[in-house]
């Protein structure tokens, strides 16, 4: 079970112009009808081990912060490789409290995943961008996939069971999921860097991408279909960053952060031993970001979340160029995504046969080359070489028209051929990636040596100071790894009104009527035709105070008996500041109610078999279906 919007990338890949699963929805009535996702993997957390001492033992007192960071990376890679070989699990060393602790996570990996059910996007994302990060909500944002092992449906030893009664206001909701990243341990100077540099740049990048994707979508129905998922993702990110910026511009938040930091620093200064060990950490962070400002925009245009060129084929070419350079190195000296422990995942994505569309790729590449020229300057030698004496549009058409990377077998040959194959290749995308790579590498190393390593060193000191003075009573920032959070199901006060904790299915039709029944407030035809079949009083969406953040989408919400009562799919606008600081005054996590999922499966989607599978008590046989996951 996950969200429609989490599964939408695979749902879109399984769609065709003749069969658009995003708009039509999908139901497999038998195992044979389930659709295999070509490049989807699921990892189940199986073991956790504290390896802090072993990672830190690799660092020598006389080492610079850059050398110390490299030593940690090598130790982490060695631990992952050793543990993976011994256990057969996918192993990853996770950095907690920004370097104060290191834990080794072992995962069982599944790569045969098949789509079982998804509703229409109009039901899953009812209200669109207008209602995104808002409450009340009326969304069937769910999808179901099945894990296969050795060609058969997985017989899971452990799985959640469905609540018969659902939940009611004031009951505790427990959320188990994988929150992406938070920045709550950041110093005040670091938050100012986010406020003044990083988040404004992220927001500008997202606005540009949203306009570009929207422009492409307006070319025609097919163009709208193939870019729709990307457009929704960009809109979602833009709104999320807007919320974070609102929090960073709140003087009260900075006052609270400054007061907490002043208190901790005063305690450190008052103790000579603490001062000698940790006293310079805050200044180290401030100095680091002052240096980073000098190349922040140029680096961001080539690497990371603000990268200019976002074409899928270019990403494949860049991965192949880097793989050829990285793979001959010892695993501990490689970039993280090329370590032995990550190669299976990397190759699954690299060799995916999922469709990529030329006209969208041309638009992406042309836009990317334009952005690169605007950031670095059109006369910069790297930009001149990238454009090859052409306009961005003409160059993009030439490159996408001439690349052989559309053929998965060509990608495989280049991956296996190593550096010699890359150097010998005349593929225009390979040559473009190779042209940009030296400049990107230099800036990446500069960032790792000056920023990443300094942050790891300084924040490990700050975390150690917090542990010594305040105890280990605060949980670490989110790291895309499994967390449990909890909070009561509870409404909120907003704009002088009381917002109840639950919406109902009947409220969906009222919302559609109030907004004129036009997109994105237009329900699918089956909902309109099936209205009389539904119990309109069925709880639909609800909110609770559980601490979530981006990445928690698709997290099950369970009651104190461990029974499924809902599915996290969003937070409200007031929760977006949880990236920086948690408060339950108005911030809420938003869930699809488990009762609404079953109501819709049975009465709208003719999916009684799936509803039975989800709700059958443990131990009872199921006809034609495997036991619940």
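What residue, among those in segment 464-489 that are more than 22 Å from the chain's Cα centre (by Cα) and within 23 Å of residue 550 (Cβ to Cβ), is modelled with the lowest pLDDT? Walk me through how you get there before you give the answer.
As a first pass, look at segment 464-489 and keep what is more than 22 Å from the chain's Cα centre (by Cα): 464-474, 487-489.
From what's left, within 23 Å of residue 550 (Cβ to Cβ): 474, 487-489.
Numbers: 474: 82, 487: 98, 488: 98, 489: 98.
Checking each candidate, the answer is 474.
Going through 375, 371 one at a time, which residue ends up being farther than 16 Å from residue 312 by Cβ, in contact with a helix residue (DSSP H, G or I) (Cβ under 6 Å, 6 or more places away or on another chain) and in the same structural domain as residue 211 (by TED's automatic domain parsing)?
375
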Of the criteria (1) within 27 Å of residue 479 (Cβ to Cβ); (2) free of Cβ contacts under 8 Å to residues at least 60 places away in the same chain, which one residue 109 fails: (2)
With respect to residue 344, determine if the residue is at pLDDT below 95 and touching a helix residue (DSSP H, G or I) at 6+ places or on another chain (Cβ under 6 Å). no
At pLDDT below 95, in the same structural domain as residue 395 (by TED's automatic domain parsing) and either surrounded by fewer than 21 Cβ atoms within 10 Å (Cβ to Cβ) or more than 19 Å from the chain's Cα centre (by Cα) (or both): does that describe residue 326? no
Kindly provide the set of residues from segment 518-567 that are within 22 Å of residue 490 (Cβ to Cβ), more than 26 Å from the chain's Cα centre (by Cα) and not in a strand (DSSP E or B), ordered by number. 537, 538, 560, 561
Would you say residue 224 is free of Cβ contacts under 8 Å to residues at least 12 places away in the same chain, closer than 30 Å to residue 515 by Cα, not assigned by TED's automatic domain parsing to the domain that holds residue 588 and not in a loop (DSSP other than H, G, I, E, B)? yes
Unmet criterion (only one of (1) buried (at least 22 other Cβ atoms within 10 Å of the Cβ); (2) at pLDDT below 95) for residue 527: (2)
Residue 289 is checked against (1) under 19 Å from residue 454 (Cβ atoms); (2) in a helix (DSSP H, G or I); (3) out of contact with any helix residue (DSSP H, G or I) (no Cβ under 6 Å at 6 or more places or on another chain) and fails just one. What number does that condition carry? (3)
Here are some conditions: (1) at pLDDT below 95; (2) part of a loop (DSSP other than H, G, I, E, B). Residue 247 meets all but one. Which one does it not meet? (2)
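Looking at 154, 160, 194, 206 in this structure, which one is within 24 Å of residue 548 (Cα to Cα), in the same structural domain as residue 601 (by TED's automatic domain parsing) and either at pLDDT below 95 or surrounded by 17 or more Cβ atoms within 10 Å (Cβ to Cβ) (or both)?
160
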Look through segment 1-50, keep the residues that are within 26 Å of residue 221 (Cα to Cα) and free of Cβ contacts under 8 Å to residues at least 60 places away in the same chain, and return whichever of them is surrounded by the fewest Cβ atoms within 10 Å (Cβ to Cβ). 18
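Being farther than 26 Å from residue 295 by Cα and either touching a strand residue (DSSP E or B) at 6+ places or on another chain (Cβ under 9 Å) or buried (at least 17 other Cβ atoms within 10 Å of the Cβ) (or both) is the requirement here; does residue 386 meet it?
Answer is no for this residue.
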Could you list, in sequence order, the residues of segment 575-592 that are surrounded by fewer than 24 Cβ atoms within 10 Å (Cβ to Cβ) and out of contact with any helix residue (DSSP H, G or I) (no Cβ under 8 Å at 6 or more places or on another chain)? 582, 584
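The values are calculated or read from the model by the stated rules, or taken from the named source; none is laboratory data. Only a predicted model underlies this, so the values are computations on that prediction, with no experimental measurement involved. Heads up, the Cβs are rebuilt from the backbone with ideal geometry, glycines too, and the neighbour counts pull from every protein chain shown.
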